[in-house]
Amino acid sequence: MSKPLHDPLIEVKDLRVEFDVRAGIVKAVDGLTLTIHRGKTLGVIGESGCGKSMTARAILNMIPKPGKITNGEIIYHRRMKNSLESQVDDIIDLTKVDPDGKVIRQIRGGEIGMIFQEPMSSLTPVYTAGVHINEAVSLHHLVPLQKVGDQIGEQVQAHRKVTKEESRVIAIDMLRRVGIPKPEERVDNYPHQLSGGQRQRVMIAVALSCEPAMLIADEPTTALDVSIEAQILDIMRDLQQSANMAIMFITHNLGVIASMAEEIVVMYMGKAVEQGKVLEIFQNPKHPYTQALLRSIPKLGKKKTGERLASITGMVPDPFNLPTGCVFHPRCPMFMAGKCDKIAPQWKKVGEDHSVSCLLYE
Ligand code: SF4
């Protein structure tokens, strides 16, 4: 049995992120509440545009303009050493800190690391395998013309009191820990000299070089083949265990989430529609959208019968013209006329640590 979840690190409460554009207001995140615990992995799942990545950006207070946080709190339980060298939690609402200020710059990259799907756009080609210090660094974009070792080293120097020489030693050690062969040589490589899998490992090395309390991994393995993906997931699990790091794992791939997360949040059109322990959701999904997502993943060991995988019918709705009632109703096989198109479902507890937002359970 898994250990109970406790020790919250990030608490997102009724978060709303909106984009006010000429055509209207897009609710990218619409009343989201979730908790990420120290040492645990929360999987956030949903189709493109469901608000997963925007939630991650909100945590880092990096919403691109013209978007802004219009409601809610993101409480960060920041663990600090006091004068007696014991640890205390400093409670910070990340929605209230200056997005360009010192505090958030310490947190981004230093305390909350982030990795993305496409390492080439993230690694700086002009650098070799190390780190750099602007917004791209906070998001762990590798710089094309910088040696990867320098990119890691700059990240470490930005957040820890170490010399350039010490940061190089740390860079080599990080490259070794993420499984890069001959790290003493690779540290002086530029991103284009590495394979896609190696670049993604360097990204992970950059993100983890400051031993963050949390890693946000946004589709980190989507561009990789299955064997490299398995290795990268192993590395993330190992590093999580050794450093008690929390992971927010964002993906549309339920197969990957099953092996990584303790808890899952399923998102649709900026809202959470189902939340719970991973096993509970896989064995007993309640929301028709979650059920459809689960039907769409291949089953291991199942004989090929020529049967096609189920896909979710219908289109994602126009964000400027959202359906009334339940936003999933135009695509829902369980649609109840006169009810689902009129009433917005509320959260309902359907089991221990399992909640759903669907009128079938109200
Ligand atoms: Fe389907 Fe109605 Fe539940 Fe929405 S509220 S998911 S339309 S059954």
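For segment 186-242, trypsin sites (Lys or Arg not before Pro) are listed when DSSP marks them as loop and at most 16 other Cβ atoms sit within 10 Å of their Cβ; the list is empty. Report, to the nearest 10°, how far helix 164-177 tilts away from the longest principal axis of the Cα atoms in the chain, using its own Cα long axis and a range of 0 to 90°. Helix 164-177 and the main axis of the chain meet at about 50 degrees. Compared with the dominant principal axis of the Cα atoms in the chain, helix 196-208 is inclined by about 80°. When the GluC sites (Glu not before Pro) in segment 13-112 are filtered for DSSP coil states and for at most 11 other beta-carbon atoms within 10 Å of their beta-carbon, the remaining sites are GLU85. Using amide H atoms built 1.01 Å from N in the peptide plane, name the residues 5+ places from GLY43, or on other chains, whose amide H lies under 5 Å from its own. Amide H neighbours of GLY43, under 5 Å, 5+ apart: PHE249, GLU262, GLU263, ILE264, VAL265. Charging the Cβ of each Asp and Glu at -1 and of each Lys and Arg at +1, and nothing else, the dipole of the chain about its Cα centre rounds to 620 debye.
Neighbour counts of other Cβ atoms within 10 Å put VAL327, VAL266 in the fewest-to-most order VAL327, VAL266. Overall shape: prolate for segment 207-251, with the ratio a/c of the largest to smallest alpha carbon gyration tensor axis at 1.5 or above and a/b above b/c. Whole-Hz Karplus values for segment 40-52 come out as 10, 10, 9, x, 10, 10, x, 6, 4, x, 7, x, 4 Hz, taken residue by residue from phi with 6.51 cos²θ - 1.76 cosθ + 1.60 and θ = phi - 60°; glycine and proline positions read x. Evaluating 6.51 cos²θ - 1.76 cosθ + 1.60 at θ = phi - 60° for every residue in segment 53-67, the Karplus couplings come out as 5, 5, 5, 4, 5, 5, 4, 8, 6, 10, 6, x, 5, x, x Hz, glycine and proline recorded as x.
Amide H contacts of LYS342 (H built 1.01 Å from N, in plane; Pro and chain starts excluded): CYS326 sit under 5 Å, all sequence-distant by 5 or more or on other chains. Bridges between two residues of the chain, per DSSP, are antiparallel at a rate of about 65%. Since only HIS192, PHE320, SER242 are under comparison, the one whose Cα sits farthest along the positive direction of the charge dipole of the chain, derived from C-beta charges on Lys, Arg, Asp and Glu, is PHE320.
Of ILE247, ILE264, ILE104, the residue with the greatest mean-square motion in the GNM of the chain, using alpha carbon springs below 10 Å, is ILE104. Database remark: amide H of VAL17 closer than 5 angstrom to the amide H of ALA28, VAL29, ASP30, GLY31, THR70 (H placed geometrically; neighbours at sequence offset of 5 or more, or on other chains; Pro and chain starts carry no H). Projected onto its three principal axes, the C-alpha set of the chain covers 68, 52, 48 Å, listed from the longest axis down.
So how do 6-12, 337-343 stack up, highest first, on mean other-Cβ count within 10 Å?
6-12, 337-343
The HN-Hα couplings worked out from phi for segment 15-25 by the Karplus form 6.51 cos²θ - 1.76 cosθ + 1.60 (θ = phi - 60°) are 6, 10, 10, 10, 10, 9, 10, 4, 6, x, 10 Hz, whole numbers, x standing for Gly and Pro.
Report summary: the helix-based calculation at 222 nm, which adds -39500 (n - 2.57) for every DSSP H run with n ≥ 4 and divides by the residues of the chain, gives -8000 deg cm²/dmol. Computed over the chain, relative contact order equals 17 percent, with contacts defined as Cα pairs under 8 Å that lie 6+ residues apart. Note on HIS37, HIS287: ascending count of other Cβ atoms within 10 Å places them as HIS37, HIS287, the fewest first. Projected onto its three principal axes, the C-alpha set of segment 176-290 covers 51, 27, 24 Å, listed from the longest axis down.
A short reminder: the numbers here are calculations on the coordinates, not readings from a lab. Please read all numbers here as calculations on a predicted model, not as lab measurements. Neighbour counts are summed over all protein chains in view; Cβ atoms, including those assigned to glycine, are modelled from backbone coordinates with ideal geometry.
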